[in-house]
Amino acid sequence: MLSDAEEAELQARMAADPDAREMTDEELGRMRPAREVLPPAVFAALTKRGRPKSPSPLVQVTLRLDSEALAAFKATGPGWQTRINETVKRAAKQL
């Protein structure tokens, strides 16, 4: 929810921007759902949700790791889980 001050600022910005006007009831009445006006292929492409299916999906597991090892991976920043996965895959090849 916006505070009264935020709402007032938003309304002032919309009033100053000719491209940000509110639609009239007539304009709203002429609107149609996207599925009625877009080609079926375009509508289908725009309504797909979620991540694309991977040819080799990952499997979620519960794993206990040494706190120092986990801290070392986390310290490397975002993507630490991917780096753990890569390390495990390299180790598995050596088995």
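The values are calculated or read from the model by the stated rules, or taken from the named source; none is laboratory data. For clarity, every value in this text was computed on a predicted model and none was experimentally measured. Because the Cβ atoms are built from the backbone with ideal geometry, glycine has one as well, and the counts that use them run over all protein chains shown. What goes into the accessible areas is simple: the full protein's heavy atoms, side chains included, and nothing from ligands, DNA or RNA. Shrake-Rupley method; radii C 1.70, N 1.55, O 1.52, S 1.80 Å.
Observations
- Accessible area expressed per residue, the chain, with surrounding protein chains retained (probe 1.4 Å, Å²): 99 Å²
- Label-point separation, Glu7 to Thr24 (7 Å along Cα→Cβ), nm: 2.7 nm
- Farthest toward positive dipole pole in the chain [+1 Lys/Arg, -1 Asp/Glu at C-beta], among Ala44, Gly29, Gly79: Gly79
- If you plug the beta carbon distance of Phe73 and Lys48 into 1/(1 + (r/R0)^6) with R0 = 35 Å, you get a FRET efficiency near 0.60.
- Aspartates and glutamates whose Cα lies under 13 Å from that of Lys74, excluding same-chain neighbours fewer than 8 positions away: Asp66
- The share of accessible area on region 55-95 that comes from carbon and sulfur is 58 percent, using a 1.4 angstrom probe.
- Under DSSP loop assignment and at most 10 Cβ neighbours within 10 Å, longest trypsin sites (Lys or Arg not before Pro)-free interval of the chain: 65-95
- Tensor-based shape of the chain (alpha-carbon gyration tensor, a/c under 1.5 rounded, otherwise prolate or oblate): oblate
- Helical contribution to [θ] at 222 nm, DSSP H n ≥ 4, -39,500 (n - 2.57), averaged over the chain, rounded to 500: -15500 deg cm²/dmol
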